[in-house]
Amino acid sequence: MENIIHCKADTSYTYIQTKTDNILVSKPIKHFEALLTDANFFRIHNSHLINIAHVKKYTKGKGGYVTMSNQETIDVSTRRKEAFLKLFN
């Protein structure tokens, strides 16, 4: 699990971005959210589940966005921003 950087929803499929691969799985992101939430993962957007250990930077904004360890940026939903920021307090 520590190699997973984030998961991205694509209808009823999920792309799992690891340190070395981008894997397409035929399960919805909700399935992975149930499995990974207790393992330091957080759903920051309807379509993104991130590994908190791979967050390198948070940039403020309406919802803001995070920069991950692989340099990808992912928007934070305005609805989930407050809960996300509490993880770092």
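Quick check on the stretch 65-73. Is at least one of its residues in a helix (DSSP H, G or I) and more than 10 Å from the chain's Cα centre (by Cα)?
Within the stretch 65-73 (the criterion being in a helix (DSSP H, G or I) and more than 10 Å from the chain's Cα centre (by Cα)), the answer is no, since none of the residues qualifies.
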Within the stretch 1-34, the count of residues that are touching a residue at least 24 places away in the same chain (Cβ under 8 Å), open to solvent by 90 Å² or more (accessible area, probe 1.4 Å) and not in a strand (DSSP E or B) comes to 3
Residues located in the stretch 35-57, provided they are open to solvent by 40 Å² or more (accessible area, probe 1.4 Å) and in a helix (DSSP H, G or I): L35, T37, D38, A53
Taking the stretch 58-89 and the residues there that are in contact with a helix residue (DSSP H, G or I) (Cβ under 8 Å, 6 or more places away or on another chain) and either at pLDDT below 95 or surrounded by fewer than 15 Cβ atoms within 10 Å (Cβ to Cβ) (or both), the one that is nearest to T20 (Cα to Cα) would be N70
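The values are calculated or read from the model by the stated rules, or taken from the named source; none is laboratory data. Every value quoted in this text rests on a predicted model; they were computed, and no experiment measured them. We place every Cβ from the backbone using ideal geometry, glycine too, and count neighbours over all the protein chains shown. Side chains are part of the model used for accessible areas, which takes the heavy atoms of the whole protein and leaves out ligands, DNA and RNA. Shrake-Rupley method; radii C 1.70, N 1.55, O 1.52, S 1.80 Å.
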